[in-house]
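A.B. asks: For reference, the structure I am asking about is given below.
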Amino acid sequence: MTQGGRTERVGEEFREILAEEIPRLKDPRVGFVTVVGVRVSPDLRHARVAYTSLGDDKARAATRAALRSARPHLRTLIGRQVRLKYLPEIEFEEDTTYEQGRRIDELIAGLQRPQDDR
């Protein structure tokens, strides 16, 4: 199997573990989080975790801070479940494509409304 195939397998395994463990965090700042995907670098030393979070800007900022502070704990949990020579550093990045899609839908709906005849 190619190196790309291995990084994809490792990323998917990380995604499954994180999707299970993030809701178990005892930090009250963690809101409703969905782990969308994990991209692992070819050398398996870095993992970027894409996630979505519900709530207003303040709630999403609190979730972002909670995930940042939980990185060492989550990294340890991954290390217990996945056998790798090096345990990758984890970075969280919020996936805003859902919100962007919702905003586009709102704009399209606004364009489809009948305009007042003058």
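A.B. asks: Quick one: Cα convex hull volume of the chain, Å³ per residue?
C.D. replies: Values: hull volume 15.6 nm³, N = 118.
So the per-residue hull volume is 132 Å³.
A.B. asks: Once you charge only the Cβ atoms, +1 for Lys and Arg and -1 for Asp and Glu, what is the size of the charge dipole of segment 35-118 about its Cα centre, to the nearest 20 debye? Don't jump to the answer; show the numbers that get you there.
C.D. replies: On the way: 16 positive and 13 negative charges, 139 e Å.
Charge dipole of segment 35-118: 660 debye, to the nearest 20.
A.B. asks: For the chain, find the longest principal axis of its Cα atoms and tell me its angle to the long axis of helix 97-112, 0 to 90°, nearest 10.
C.D. replies: Relative to the chain, helix 97-112 is tipped by roughly 10 degrees.
A.B. asks: On a 0 to 90 degree scale, rounded to 10, what angle separates helix 57-81 from the longest Cα axis of the chain?
C.D. replies: Taking Cα atoms only, the helix is inclined about 20 degrees.
A.B. asks: To check you understand DSSP bridge types, tell me what percent of the beta bridges within the chain (both residues inside) are antiparallel, rounded to 5.
C.D. replies: Working: 7 of 13 bridges.
Around 55 percent of the beta bridges assigned by DSSP in the chain are antiparallel ones.
Computed from the coordinates by the stated procedures, all read-outs in this text should not be read as laboratory data. As the structure is a prediction and not an experimental result, all values here were calculated from the model. All Cβ positions, even for glycine, are placed from backbone atoms using ideal geometry, and neighbour counts span all protein chains on display.
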